[in-house]
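Nothing in this text is a laboratory measurement; each read-out follows from the coordinates by a stated rule. This is a predicted model, so every value here is computed, not measured. Don't worry about glycine lacking a Cβ; one is built from the backbone with ideal geometry, like all the others, and counts go over all protein chains shown.
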Amino acid sequence: MSTTDAIAHPNQPDLDPFLAWLRHGRGASPVHPDENQPTWQLFGHADIHRVLSDPATFSSDMSKFIPPQSDFALFSRGNFVRMDPPMHRKLRDLVSQVFTPRVVSGLAPRIAAITGELLDGVGGAGRFDLVGALAYPLPVIVIAELLGIPVADRESFRRWADALLSREDTGALPDAATMNRMAPTLREMNEYLLAHIRQRRVRPTDDLIGKLVCAELDGHRLEDEEIVGFVGLLLIAGHITTTALVGNAILCLDENPAAAAELRADPAGIPAAIEEVLRYRPPFPRLARRTTTEVELGGKRIPADQILMLWLASANRDPAQFEDPDRFNIHRKPNPHLSFGYSIHFCLGAPLARLEAKIALEILLDRYRSIAVARDERGEFFNPFTMISAKRLPVDVEAARALRRAASA
Ligand code: HEM
C-alpha cells in the first residue's frame, strides 16, 4: 500500500514500516542486533523452513531464558507448543484426534448457526464492529463449547488474551517487567481453568476438559496442574488467531475489490483466498526457537543456546519463494506460506481455523452486497511486530436480501 493509499484509507493498519523492516532484514539475514538477549533474526523462507523442520537442533523449549515465576511455571507444565519430543508428541497425541479435518468438518452446521445468530444481532445494514460482532465471538464460542467452559465468560477470555498478547517490550521473550505485568492475568486464568478441571473430577463430562481429565499418559492420569497449560493453550491459541484471520480477510478484500467480487460470484474460491490472506497477513508474524548446538545458518556460525526469531511474515513475502510476493493473489498456487508453522508443531487447530474462516466469509459475502471498511472511524490494531490483527474494525455493510427485495418490488 502506498503512502497516498494510507491517507485515503485511514482505517487500514499501517504495515508499511514493519514490512520495510522485514524487507531490509531479508537482505541482511541472519543478524544479531539485540544487546540484551542472545537473539538472531531470521527472515528467509529457506532458513526458517529448515529451522522448523529440525526440532533436535532448534528447540521450542525457552524455559532457560525465562526468569522463574510461579504463574508462568504452572501455565508451562502442559503447554506443549513450548516442548520438544518425546513429551511434545505424547501430549499432542492426546488431543490430535479432536482436531482432524474429518472430525472438525462435523462442526460446520454449528459454526454456520453461530455465525448466523451473531450477524442477526447486528441487523441487515449500516455500520458495526466486525471484530466485536463476529470475528471475536465466533471462534471463542466454538472453542469454549469444545472445551466445555461457559461461553458467558468470554469477556474474561478476551481480557486474558489481550493482556498476554499485547507486549510493550521488543525482545524475543518477555522480560521481567512484562512477566510481572502478565502474572496476575495468568494467575486468574490458571485458577479459573483449575476450578473447571477439578469439577470434572467430581462430575465427569464428555467435553475436551472431561476427556483430558480421564486421559492417560505412560499409564498415569494427567495431573490437574498439567491440564491447566494444555487447556490454556487451546483456549488462547484457539480463538485469538482466528479472530485475526477473519478481520485480516475483510481488510484484504477491502483493499482488493476485484478479488471480493470474484469470490462473491464463485465462493468455491474462498479456501484458496483464505490461504492467501494467511500468507499476506499472518496472525502470528514470528516464532521463536533455541539452538541446542552450534550451527551454520545463512553463512553465519550461531553458537548453542541462542534465540532465533523466525519472521514468518517475512518468509511469506520472500521473493525467492513467492512470485510477486507483495501482490495479494487469491489464485496463488502453490502457496507454501508458513503462517501455521511447519513440521511437528504445525498448528493443531489449522483445520478448525480454516473451516471457521471459510464459513464466516461465505455467510458474510452472501448476506451483504457490500462490506466496506469504514473510512471515517478508526479501528484498533495490535502492534504488527507481535500480532497482525484488528482489535476493532468498523465496517459499513449493505444487505443483499433487502436489495434483492427492493429490486423485485
Ligand atoms: C488462523 C488461525 C491460527 C493461526 C495463524 C495459528 C498459528 C499457529 C502457529 C504458527 C503454530 C506453530 C507454533 C510453533 O511452531 O511454535 C501453532 C500451533 C498451535 N496451534 Fe494454532 N493457529 C491458529 C488457530 C488455532 C486454533 C483454532 C487452535 C485450537 C483449536 C490452535 C491450536 C494450536 C496448538 C495447540 C498449537 C501447538 C501445536 C504443537 O506444538 O504441536 N491454533 N498455531
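So here's what we get for this one:
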quantity	calculated
Condition broken by residue 350, with the remaining ones in (1) within 18 Å of the chain's Cα centre (by Cα); (2) farther than 17 Å from residue 273 by Cβ; (3) of a type outside the set (Ser, Thr, Tyr) satisfied	(2)
Which listed residue, of 310, 278, is within 30 Å of residue 32 (Cβ to Cβ) and in a helix (DSSP H, G or I)	278
Any chance residue 264 is in contact (Cβ under 8 Å) with a residue 24 or more places away in the chain, over 16 Å from the mean Cα position of the chain (by Cα) and within 9 Å of the ligand (Cβ to nearest atom)	no
Scope the range 101-115; condition surrounded by fewer than 18 Cβ atoms within 10 Å (Cβ to Cβ) and of a type outside the set (S, T, N, Q); matching residues	101, 102, 103, 106, 108, 109, 110, 112, 113
Cross-chain or 6+ apart pairs with Cβ under 9 Å, the range 142-156 first and at positive phi, then in a helix (DSSP H, G or I)	148/196; 148/200; 148/208; 148/209; 148/210
Contacts under 8 angstrom Cβ, first residue in the range 57-72 being free of Cβ contacts under 8 Å to residues at least 60 places away in the same chain and closer than 17 Å to residue 184 by Cβ, partner of a type in the set (Gly, Ala, Ser) and not in a helix (DSSP H, G or I), 6 or more apart	none
So residue 127, is it within 24 Å of residue 365 (Cβ to Cβ) and touching a residue at least 24 places away in the same chain (Cβ under 8 Å)	yes
Out of 338, 355, 364, 348, sole residue that is in a helix (DSSP H, G or I), aliphatic (A, V, I, L, M), in contact with a helix residue (DSSP H, G or I) (Cβ under 9 Å, 6 or more places away or on another chain) and within 16 Å of the ligand (Cβ to nearest atom)	355
Count of residues meeting criterion [within 10 Å of the ligand (Cβ to nearest atom), part of a helix (DSSP H, G or I) and either in contact with a helix residue (DSSP H, G or I) (Cβ under 9 Å, 6 or more places away or on another chain) or of a type in the set (A, V, I, L, M, F, W, C) (or both)] in the range 55-110	11
Close pairs (6 angstrom Cβ cut-off, 6 or more residues apart or separate chains): within 20 Å of residue 224 (Cβ to Cβ) in the range 85-96, of a type in the set (Gly, Ala, Ser) and in a helix (DSSP H, G or I) anywhere	none
Residue satisfying condition, being among the small types (Gly, Ala, Ser) and farther than 23 Å from residue 304 by Cβ, within set 60, 53, 96	96
Single match in 218, 162 (criterion: farther than 20 Å from residue 111 by Cα, touching a residue at least 40 places away in the same chain (Cβ under 8 Å), surrounded by fewer than 15 Cβ atoms within 10 Å (Cβ to Cβ) and in contact with a helix residue (DSSP H, G or I) (Cβ under 8 Å, 6 or more places away or on another chain))	218
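Quick grid of which residues meet (1) at positive phi; (2) surrounded by 18 or more Cβ atoms within 10 Å (Cβ to Cβ); (3) of a type in the set (A, V, I, L, M, F, W, C):
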residue: 296; (1), (2), (3): no, no, no
residue: 299; (1), (2), (3): yes, no, no
residue: 308; (1), (2), (3): no, yes, yes
residue: 311; (1), (2), (3): no, yes, yes
residue: 365; (1), (2), (3): no, yes, yes
residue: 384; (1), (2), (3): no, yes, no
residue: 395; (1), (2), (3): no, yes, yes
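Listed here are the residues, each with its yes/no results for (1) away from the ligand (no atom under 14 Å from the Cβ); (2) polar (S, T, N, Q); (3) under 10 Å from the mean Cα position of the chain (by Cα).
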{"residue": "238", "(1), (2), (3)": "no, no, yes"}
{"residue": "243", "(1), (2), (3)": "no, yes, yes"}
{"residue": "246", "(1), (2), (3)": "no, no, no"}
{"residue": "269", "(1), (2), (3)": "yes, no, no"}
{"residue": "274", "(1), (2), (3)": "no, no, no"}
{"residue": "281", "(1), (2), (3)": "no, no, no"}
{"residue": "292", "(1), (2), (3)": "yes, yes, no"}
